[in-house]
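**Student:** The structure is given below, and queries will be raised subsequently.
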Amino acid sequence: MLDVTNYIGIVAFSVSGAIKGIKKNMDLLGVLVLGFSTALGGGIIADLLLGKTPPTNLTYLPYPTVALLSSLFTFVFYKIFSHVQKPLLYADAIGLAAFAVSGSSLAYSVSENVLLVVTVGTITATGGGVIRDLLSNEVPMVLTRDFYATVAILGSLIYFSLRQLGYSDLVTTMVSFTITLVIRVMAIRNKWELPKIKV
């Protein structure tokens, strides 16, 4: 299940990165780089933090292949993707939940440290989006609006808590993924945001 949702997340994230590149008037290479970075950047950073080199996203060829092909498809058929924002938003939610849980699982296998698990899980889920925004010369979206990175933090905490209670990795993964996805979907539908100070 997690493998399938990972691929859904890669496609959704790479499409969002490619769309951002197109809107920023980047050429084909720029669009491919942005799509690739958005989909796989978080996982690469997470692997490096855990001392896992070379990163899986650079050695397991199906992942970069799917990311690049999705970005290329978006570049060629941009008009189609510009009209399907809602489905992409929910696909992105699936990717967020999958990446948060997979990152947490990987970190937990290295050390049962709550800070490590939450940090790696959150970076895996949101790191690519941060790279995308920085390459686009924008303040990262996860720091300015939307109930997004907070969901990844909650999902990682849920994963850690369930493992500490003695549940298996399989059960924990399924439960954590489901709860994280539900929270993100509720945030989308209810337009949740964290408090801000208006200056």
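**Student:** Pull up the cross-link candidates among the aspartates and glutamates for Lys191, meaning alpha carbon to alpha carbon under 16 Å and not fewer than 8 places away within one chain.
**Tutor:** Qualifying aspartates and glutamates at Cα under 16 Å: Asp92, Asp146.
**Student:** To continue, here is another question. Build a GNM of the chain with springs between Cα atoms under 10 Å: which of Ala98, Ala187, Ala67 gets the top mean-square fluctuation?
**Tutor:** Taking springs between Cα atoms under 10 Å, the residue moving most is Ala187.
**Student:** Given the options Arg189, Arg132, Arg163, state which has the largest fluctuation in a GNM of the chain using a 10 Å cut-off (strictly under) for Cα springs.
**Tutor:** Taking springs between Cα atoms under 10 Å, the residue moving most is Arg189.
**Student:** Just the accessible area for Glu193, please: 1.4 Å probe, Å², rounded to the nearest 10?
**Tutor:** 110
**Student:** Roll a 1.4 Å probe over the protein chains and send me the accessible area per residue for the chain in Å².
**Tutor:** 51
**Student:** Working from Cα positions, state the angle (0 to 90°, nearest 10) between the long axis of helix 169-190 and the longest principal axis of the chain.
**Tutor:** For helix 169-190, the angle is close to 50 degrees.
**Student:** Going down the list Lys23/Lys52; Lys86/Lys196; Lys52/Lys198, which pairs span over 30 Å between their C-alpha atoms?
**Tutor:** Lys23/Lys52; Lys52/Lys198
**Student:** Using only Cα atoms, tell me the angle between helix 85-110 and the longest principal axis of the chain; keep it within 0 to 90° and round to the nearest 10.
**Tutor:** For helix 85-110, the angle is close to 40 degrees.
**Student:** Okay, moving on. Mind checking the full-extension length gain between Thr59 and Lys198? Use 0.36 nm per residue of separation minus the Cα-Cα distance, one decimal, nm.
**Tutor:** The span from Thr59 to Lys198 would gain 45.5 nm if fully extended.
**Student:** How far apart, in nanometres, would the label points at Leu170 and Val110 be if each is projected 7 angstrom from Cα along the Cα-to-Cβ direction?
**Tutor:** The answer from the label model is 2.6 nm.
**Student:** Right, here's the next one. What's the longest uninterrupted piece of the chain once you rule out the chymotrypsin sites (Phe, Trp or Tyr not before Pro) that are loop residues per DSSP with at most 15 other Cβ within 10 Å?
**Tutor:** 78-191
**Student:** How big is the charge dipole of the chain about its Cα centre, in debye rounded to the nearest 20, if each Lys and Arg gets +1 on its Cβ and each Asp and Glu gets -1 on its Cβ?
**Tutor:** 620
**Student:** Extending each Cα 7 Å along its Cβ direction at His83 and Asn137, get the distance between those two points in nm, one decimal.
**Tutor:** It works out to 3.2 nm between the two label points.
**Student:** Given (i) 0.97; (ii) 1.02; (iii) 1.15, which label gives Rg/Rh (Cα atoms, Kirkwood Rh) as computed from the coordinates?
**Tutor:** It is the one labelled (i).
**Student:** If the chain between Ser161 and Lys24 were fully stretched, how many nm would it gain, using 0.36 nm times the residue separation less the Cα-Cα distance?
**Tutor:** Here the segment from Ser161 to Lys24 would lengthen by 45.2 nm.
**Student:** I would also like to ask the following. Can you give me the angle between helix 62-76 and the longest principal axis of the chain, using Cα atoms only, in degrees from 0 to 90, rounded to the nearest 10?
**Tutor:** Helix 62-76 and the main axis of the chain meet at about 30 degrees.
**Student:** So which trypsin sites (Lys or Arg not before Pro) in the range 1-45 pass both tests, a DSSP loop state and at most 15 other Cβ atoms within 10 Å of the Cβ?
**Tutor:** The qualifying sites are Lys24.
The values are calculated or read from the model by the stated rules, or taken from the named source; none is laboratory data. The structure displayed is predicted, hence computed values, not measured ones. In this analysis, Cβ positions are derived from the backbone assuming ideal geometry, glycine residues included, and neighbour counts consider all displayed protein chains. Accessible surface areas use protein heavy atoms only, side chains included; no ligands, DNA or RNA. Shrake-Rupley method; radii C 1.70, N 1.55, O 1.52, S 1.80 Å.
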